[in-house]
Amino acid sequence: MPTTAPPSRPGPDRAPAPGRRALLGMTVLALAATTVLTAAAAGPAAAAAATPIGNDVDGVAMMYPTKAGGQEWRLDDNPAADDQLDGPALKRNPDGTFKVTEADTRLGVLSATYDHDDEDDLVWSQPTLRRVGYQHDASDWRDVELTGYVRLNKTSNTDEEFTWYARGARHTGNGDTPETCWGTAYKANLRYRDGATRWQKELFHDGGDGYASGSWQHSGASVQGKLVGFKAVMFNTPTGVRMETYLDRSNTNTWTAVASYDDQGGWAIDEDNRCGGTRDEVVRWGGPIATLRWDLASDVDVTRLSVREIDPRATCNRAQPVAGVSANTYEAVNPPQNAVDGNLTTRWSGYGSGAYLTVDLGTRRTICGAGVAWHRGNLRWNDYTIYTSVDNVTYVKAWEGRSSGTTLQPEVTGFPARQARYVKYAWWNNAEGNGWASITEVTALSA
């Protein structure tokens, strides 16, 4: 039996109570009974300073390292000679930026192996895409970091937005198959009038159909008349797709993480999926075109545009030492110490939705990920949340989602790097619905 009864809200992190989690999932995403509430539904509580891993060749901070041997594209000094760049003319300004005067702009960055002549050969059936993992070939843009600095000088509608997106090909604007099915994407939006951001998922392209949209978040000052950095990151995780948005509002290479979403299924469109997939299909495949887009803006300056293929865990792989561990509930035979003893045959077990384990790293460290190994992890999934804190009082959500249910080994999740001394692992439910949280090992990871 557990030594204490679990509280309805697990301590000072102020995580949502189970009923609130379910309500958010049904209200925002209209999900099925198996839904996991992710950040795509609720979003982060607040924007947070980001910790880059270094600068690219343009001197712009990188959130994740470039994949070894991966593709990199950057805006050249002579864009007209760039065979990978597809879009309107860019005219150099005296300050080194480039001016774009086409009101509805699509700057498409082709993968290194793609040509528009290959369009009819693209894989479009989503059950097939699940299996092969790309629309054109293995060089498609999939795990990517898209970056651009933009200055909006003139627009006819301040409710429009800049949009960075990938994981598809050409978006045709009509609903004919297969053309409509080329237009899959995860899309990061930055609204002109207030700098608010959101994520959208597009399962096919037909005007406004085929979309699932998150809510606008972190509004503030207008982006008009100022040079603003905008980043969109997306990469596959063991159980879905991670999306992150960053802003440099001051043009000082100081970036803020403003949104982080996890699509693990359940984030559904309102209509039937015309491409053979489900209404909540997770877009885990790559596409040959990454796009930097805006509408109804007839005067925009751009600079330091880039698309990089990333390896989100290449440098976030150093397990940090543990100074102490505690839990709000546990069995006497399965205490919290068992989750940090390096032994996958022992475990911490706590009873009740909201049971949590807290690891003390002993001092503040920069962490960028965490690993969790589950008892019976090869037989059942677990819904859980990872929080971090510098003082053991105020906790911030770092990641939320579902384990794979296919392995006894630690499953690693990455998140934007941040300072933390305490890492909390809060459990909500599992596939067996038996009320028990059972973790064999946890780790906090740094670069």
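The values are calculated or read from the model by the stated rules, or taken from the named source; none is laboratory data. Since the structure is predicted, the reported quantities are computational estimates derived from the model, not experimental observations. Every residue, glycine as well, gets a Cβ built from its backbone with ideal geometry; the counts of neighbours run over all protein chains shown. Side chains are part of the model used for accessible areas, which takes the heavy atoms of the whole protein and leaves out ligands, DNA and RNA. Shrake-Rupley method; radii C 1.70, N 1.55, O 1.52, S 1.80 Å.
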**Distance (nanometres) between label positions extended 7 Å along Cα→Cβ at A112 and R131** = 2.9
**Dipole axis of the chain (+1 Lys, Arg; -1 Asp, Glu on Cβ), positive-most option in L90, T113, S326** = S326
**Fill in**
Cα-only Rg/Rh for the chain with Kirkwood Rh rounds to 0.98
**Asked** Based on the Cβ-Cβ distance of A332 and R364, what FRET efficiency does E = 1/(1 + (r/R0)^6) give at R0 = 30 Å, to the nearest 0.05?
**Response** 0.40
**Asked** Using a simple charge model, +1 on the beta-carbon of Lys and Arg, -1 on the beta-carbon of Asp and Glu, nothing else, what dipole does the chain show about its Cα centre, in debye to the nearest 20?
**Response** 2020
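Cα-Cα over 21 Å: which of K231/K424; K201/K231; K67/K226; K99/K201?
K231/K424; K67/K226; K99/K201
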**Asked** How high is the relative contact order of the chain, given as a whole-number percent (alpha carbon pairs under 8 Å, six or more residues apart)?
**Response** 21
**Asked** Going by the alpha-carbon gyration tensor, a ≥ b ≥ c the square roots of its eigenvalues, is the stretch 197-260 rounded (a/c under 1.5) or, if a/c is not under 1.5, prolate (a/b greater than b/c) versus oblate?
**Response** oblate
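Protein chains only, probe 1.4 Å: how do R402, R167, R318, R313 rank by accessible area, largest first? Present the calculation step by step, with values, prior to reporting the outcome.
Working: R402 45, R167 0, R318 140, R313 70 Å².
So, going from the largest accessible area down, we get R318, R313, R402, R167.
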**Request:** State the percentage of accessible surface on the stretch 93-155 attributable to carbon and sulfur atoms; use a 1.4 Å probe and exclude ligands, DNA and RNA.
**Result:** 44
**Request:** Calculate for the chain the 222 nm mean residue ellipticity that helices alone would give, adding -39,500 (n - 2.57) per DSSP H run of length 4 or more and normalising by residue count, nearest 500 deg cm²/dmol.
**Result:** -1500 deg cm²/dmol
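Sorted by mean Cβ packing within 10 Å, highest first, what order do the peptides 102-108, 158-164, 232-238, 139-145 take?
The densest-packed peptide leads the list: 139-145, 232-238, 158-164, 102-108.
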**Request:** Identify, among T303, N317, G342, the residue whose Cα sits farthest towards the positive end of the charge dipole of the stretch 263-356, taking +1 on the Cβ of Lys and Arg and -1 on the Cβ of Asp and Glu, with the dipole about the Cα centre.
**Result:** G342
**Request:** Compute the Cα gyration tensor for the stretch 76-231, then decide on rounded, prolate or oblate, letting a ≥ b ≥ c be the square roots of its eigenvalues: rounded whenever a/c is under 1.5, prolate when a/b is larger than b/c in the other cases, and oblate in all that remain.
**Result:** oblate
**Request:** Rounding to the nearest 20 debye, state how big the charge dipole of the stretch 313-447 is about its Cα centre with +1 on each Lys and Arg Cβ and -1 on each Asp and Glu Cβ.
**Result:** 380
**Request:** Could you provide, to the nearest whole Å², the per residue accessible area of the chain with probe 1.4 Å?
**Result:** 39
**Asked** Out of T184, T158, N174, whose Cα points farthest toward the positive end of the dipole of the stretch 137-185 (charges: +1 Lys, Arg; -1 Asp, Glu; placed on Cβ)?
**Response** T158
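When the accessible area of the stretch 264-390 is computed with all protein chains present and a 1.4 Å probe, what percentage of it is carbon and sulfur?
Of the solvent-accessible surface of the stretch 264-390, carbon and sulfur hold 44 percent.
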**Request:** Whole Å is fine, so just give me how far the alpha carbon centre of the stretch 58-125 lies from that of the stretch 168-189.
**Result:** 18
**Request:** Please report, as a whole percent, how much of the solvent-accessible surface of the stretch 192-239 comes from carbon and sulfur atoms (probe radius 1.4 Å).
**Result:** 42
**Request:** Go through 354-361, 277-284 and give me the packing order, highest mean Cβ count within 10 Å leading.
**Result:** 354-361, 277-284
**Nearest 10 degrees, 0 to 90: helix 18-29 Cα axis against the chain principal axis** = 20
**Item:** Spin-label model distance (nm) - N317 vs D76, 7 Å beyond Cα toward Cβ
**Value:** 3.4
**Message:** If the only charges are +1 at each Lys and Arg Cβ and -1 at each Asp and Glu Cβ, what is the size of the charge dipole of the stretch 271-342 around the Cα centre, to the nearest 20 debye?
**Reply:** 280
